[in-house]
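Working notes, beginning with the structure itself.
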Amino acid sequence: MKMIILARARIWAMALLVISLSAIGTATIAQGTADDEYEAGAVLWMQASGERAALSYQAFALARMVLDRDLRTARGKVRRALIVDIDETILDNSRYQAWLIKNHQNFNDQTWLDWVNRSEASAIPGAVEFLTYANVRGVRVFYITNRKAAEKDGTAANLRKLGFPNVNDETLLVRTDTKSSSKEPRRQSVSAKYRVVLLMGDNLNDFSDVFEKARTVMARMSITDQNKAKFGTRFIVLPNPMYGDWESAIYDYNLKLSEEGKAAKRKATLKD
Ligand SMILES: [Mg+2]
């Protein structure tokens, strides 16, 4: 009898454990329903590969060569500037991306604002050193980002904490136009006053408005080929396999697409 009671007690204990585990499981799923596990490889590559850091160092080394050449060859008193994007060009937000995956979440303005306000993004390898190098040589660095006005203080604090040079209201140009994400007017405001030596970004739209008009995968590939002479000479690209317009193009920029719809588009775009 005692044995039976003990056995029953054990069964109950196991049953309770199963119930509590499934409750945790349900709670985890309830956090979000995004199908973003496919992004884990991209985030792991950003966080755990030496190759990613090596590519970043390579990009900033090339930027320095381009700048040095300009400093040597251009005569007269020229006011020079560099234009850099922020996210995934000089700041690394892969921890936010990892959090999204672990919590089955899609990007959203509130969780992003919380992350920005923590000012905990790390610097992309080589970024602080290169921008400091330029700044010391009298080249004005402009930070043109589509982070919004509400995110400006957290962004400035993050950049200053990491030692990025000359971060102020003149040089940190956030997105203020709610209708357009184009950076072209901000780029033009800089090029009206300065000779822009080079632009750095992780997204084609960081470089020129010619890329903004290309809204399909094919069109983006084609416009990149048409502008190939500018890459490595005027435009310098940092790697970002985690997100970007390249992915939005796969989804035809359809924000209303379901998780299943997005997965189907991804599969349809894969070539074998
Ligand atoms: Mg970016």
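FYI, it's all coordinate maths here, none of it is from the lab. All values reported here derive from a predicted model rather than from experimental measurement. Ideal geometry is used to build each Cβ from the backbone, glycine not excepted, and the neighbour counts take in all protein chains shown.
Using r as the Cβ-Cβ distance of R160 and M65, and R0 as 25 Å, what FRET efficiency do you calculate, to the nearest 0.05?
Values: r = 28 Å, r/R0 = 1.10.
So the FRET efficiency works out to roughly 0.35.
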- Item | Sequence-distant residues sharing a close amide H with I124 (under 5 Å, placed H) | L91, D92
- Ordered by residue, what ³J(HN,Hα) values in Hz, to whole numbers, does region 118-134 give under the Karplus form 6.51 cos²θ - 1.76 cosθ + 1.60, where θ = phi - 60° and Gly and Pro are x? 6, 6, 10, 5, 8, 7, 5, x, x, 5, 4, 4, 5, 5, 5, 4, 5
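Note the full-extension length gain between D225 and N117 as 0.36 nm times their separation in residues minus their Cα-Cα distance, in nm to one decimal.
On the way: separation 108, 0.36 × 108 = 38.88 nm, distance 3.81 nm.
Taking D225 through N117 to full extension adds about 35.1 nm, to one decimal.
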- Query: Between D272 and D153, what length comes free when the chain is fully extended (0.36 nm per residue of separation minus the Cα-Cα distance, one decimal in nm)?
  - Reply: 38.3 nm
- Task: Could you tell me the distance between the Cα centroids of region 134-155 and region 162-216, to the nearest Å?
- Result: 10 Å
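So, counting K/R as plus one and D/E as minus one, what does the shell of residues with Cβ under 12 Å around S189 add up to? Show your work: numbers first, answer last.
Values: positive: K183, R186, R187, K193; negative: E170, E184.
My count for the surroundings of S189 gives +2.
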- When the helices in the chain are scored as -39500 (n - 2.57) per DSSP H run of 4 or longer and the sum is shared across all residues, what 222 nm value do you end up with, to the nearest 500 deg cm²/dmol? -16000 deg cm²/dmol
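May I ask for the longest run of the chain untouched by chymotrypsin sites (Phe, Trp or Tyr not before Pro) that are loop-located per DSSP and have at most 13 neighbouring C-beta atoms (other than their own) within 10 Å?
Details: sites that count: F107, Y253.
By the stated rule (loop sites, at most 13 other Cβ atoms within 10 Å), 108-252.
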- Item | With Cα atoms, 0 to 90° folded angle of helix 217-226 axis to the chain main axis | 30 degrees
- When all C-alpha to C-alpha distances in region 33-269 are sorted into bins of 10 Å, what percent of pairs does each bin hold, rounded to whole numbers? 7, 30, 39, 19, 4, 1
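Please give the FRET efficiency for T33 paired with R79, using the beta carbon to beta carbon distance and R0 = 41 Å, rounded to the nearest 0.05.
Details: r = 51 Å, r/R0 = 1.25.
The value I calculate is 0.20.
Between D109 and K179, what length comes free when the chain is fully extended (0.36 nm per residue of separation minus the Cα-Cα distance, one decimal in nm)? Can you show the working numbers first?
Numbers: separation 70, 0.36 × 70 = 25.20 nm, distance 1.59 nm.
Here the answer is 23.6 nm.
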- Counting only DSSP beta bridges with both residues in the chain, tell me the antiparallel percent, nearest 5. 10 percent
- Note on the structure: Between E259 and L44, the FRET efficiency computed from the C-beta separation at R0 = 25 Å comes out, to the nearest 0.05, as 0.75
- Item | Length-normalised contact order of the chain in % [C-alpha pairs under 8 Å, at least 6 apart] | 22 percent
- Distance (nanometres) between label positions extended 7 Å along Cα→Cβ at M218 and Y133: 4.1 nm
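With respect to the cross-link table entries K183/K265; K213/K262; K152/K265; K152/K179; K179/K230; K148/K183, which display a Cα-Cα separation exceeding 24 Å?
Details: K183/K265 28 Å; K213/K262 22 Å; K152/K265 34 Å; K152/K179 18 Å; K179/K230 29 Å; K148/K183 12 Å.
Checking Cα-Cα distances, K183/K265; K152/K265; K179/K230 exceed 24 Å.
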- Item | Karplus-derived 3J(HN,Hα), 6.51/-1.76/1.60, for each residue of region 36-53, Hz, glycine and proline x | 10, 4, 4, 7, 4, x, 5, 5, 4, 5, 5, 8, 10, 10, x, 4, 5, 4
